[in-house]
Amino acid sequence: MGLERFSLEGSVAVVTGGSRGIGEAIAVEMAEAGATVVPVARSADDLDETVGRIESAGGEAIACTMDVTDAESVAAAFDRTEAEFGPVDVLVNNAGTNPYFGNARKLDIDTWEHIFAVNATGAFRCAREFARRIDEREETGVVVNVASVGGVLGLPYQTPYSASKHAMVGMTRTLAIEWAPDIRVNALAPGYVKTEFTKGVRENESIHEDLLAEIPQDRFADPEEIAGAAVYLASDAATYATGEIHVVDGGYASK
Ligand SMILES: NC(=O)c1ccc[n+]([C@@H]2O[C@H](COP(=O)([O-])OP(=O)(O)OC[C@H]3O[C@@H](n4cnc5c(N)ncnc54)[C@H](OP(=O)(O)O)[C@@H]3O)[C@@H](O)[C@H]2O)c1
């Protein structure tokens, strides 16, 4: 027992939404911890940057485009990863979207369905693809779902986002029970993080000030401050952790 239990040496990890923001930070830190990493997202350009960062740090990675709302592209990304590097041991369900900020009375159902298609159904589609392949090989694996404090608290004016992240939290707890002991399933619940995702709220001075007033640490996180917890949950240091919702939020949900 020792710090080597935090190592991901010998693991192959697929990180959805690994092209920027939190997913990029998780992909890079998992590679630094020894994993071979396949960041996936819809746009190839951003993915190449993540792969470049991993390779220049001495890690091994390939970029692979994938849309979590498309079953064929999800299966193809797993096929390509297996062909290049062998079986996938770790799935990070990080791809997410939040295009609506406003009163739920005005929300149209198409927007609601799109947010659920990416954040909830897309994550489940990837988890199911991963689990089927683990079962075929009679091996073990780890899923890390990137939920949100919006998955454990209500977020006014972000109803479909918060509801979709509550769905992810429910999925995490339920799959953790159903898939034990072969597959550990945990979630991260980040608070507000400095990424493209939060650019709109950070650029709106009054919303930004209101949010900062709710965060005991009085700032948004850098993506790297979230990534370490994902490495821990994926590692052998967390072999008894499953169904956990790991909040990393500067104290936001503790108020
Ligand atoms: N930033 C925050 O404050 C915060 C807080 C709590 C939780 N989170 C969660 O953390 C995760 C990452 O957020 P972020 O802030 O890093 O966001 P981001 O910078 O906007 O990155 C989102 C990533 O998801 C990918 N993506 C979006 N739709 C996809 C799809 N249909 N299929 C595959 N990939 C897709 C994007 O690449 P493409 O556009 O190229 O596909 C990108 O790589 C999300 O699940 C978010 O809900 C964020």
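Overview of values
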quantity: Alpha-carbon Rg/Rh ratio, for region 43-103, with Rh computed the Kirkwood way; calculated: 1.05
quantity: Kirkwood Rh in Å, taken over region 197-255 so that all alpha-carbon pairs contribute; calculated: 13.3 Å
quantity: Sum of -39500 (n - 2.57) over DSSP H runs of 4+, divided by residues of the chain (222 nm, nearest 500); calculated: -13500 deg cm²/dmol
quantity: For Tyr192, residues with placed amide H under 5 Å, excluding near neighbours; calculated: Ala221
quantity: Share of Cα-Cα pairs in region 123-233 lying beyond 22 Å, as whole percent; calculated: 41 percent
quantity: Separation between Cα centres of region 139-155 and region 183-255, rounded to whole Å; calculated: 11 Å
quantity: Sites matching chymotrypsin sites (Phe, Trp or Tyr not before Pro) across region 29-118 that sit in DSSP coil, with at most 15 neighbouring C-beta atoms within 10 Å; calculated: Phe101
quantity: Histogram of C-alpha separations across the chain, 10 Å bin width, %; calculated: 8, 33, 38, 18, 4, 0
quantity: Solvent-accessible area of Ser206 with every protein chain in place, 1.4 Å probe, in Å² to the nearest 10; calculated: 80 Å²
quantity: Given charges at Cβ of Lys, Arg, Asp, Glu: the chain dipole, positive-most of Leu155, Phe116, Leu47; calculated: Leu155
quantity: Residue-by-residue Karplus 3J(HN,Hα) for region 220-237, coefficients 6.51, -1.76, 1.60, Hz, glycine and proline x; calculated: 7, 7, 7, x, 5, 6, 9, 5, x, 5, 5, 4, 4, 4, 7, 8, 6, 5
quantity: Cut-off under 5 Å, modelled amide H: who pairs with Asn94 long-range; calculated: Thr16, Val146
quantity: Rule-of-thumb Rg ratio for region 90-187 [Cα; 2.2 N^0.38 Å; N residues]; calculated: 1.15
quantity: GluC sites (Glu not before Pro) within region 67-151, DSSP loop, no more than 16 other Cβ atoms inside 10 Å; calculated: Glu138, Glu139
quantity: Point-charge dipole on Cβ atoms (K/R +1, D/E -1) for region 3-246, about Cα centre, debye to 20; calculated: 740 debye
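The values are calculated or read from the model by the stated rules, or taken from the named source; none is laboratory data. It should be emphasised that the depicted structure is a prediction, and the values quoted were computed from it without experimental measurement. Cβ coordinates were reconstructed from backbone atoms using ideal geometry, including for glycine residues, and neighbour counts include every protein chain displayed. Protein only, heavy atoms only, side chains kept; ligands, DNA and RNA dropped before computing areas. Shrake-Rupley method; radii C 1.70, N 1.55, O 1.52, S 1.80 Å.
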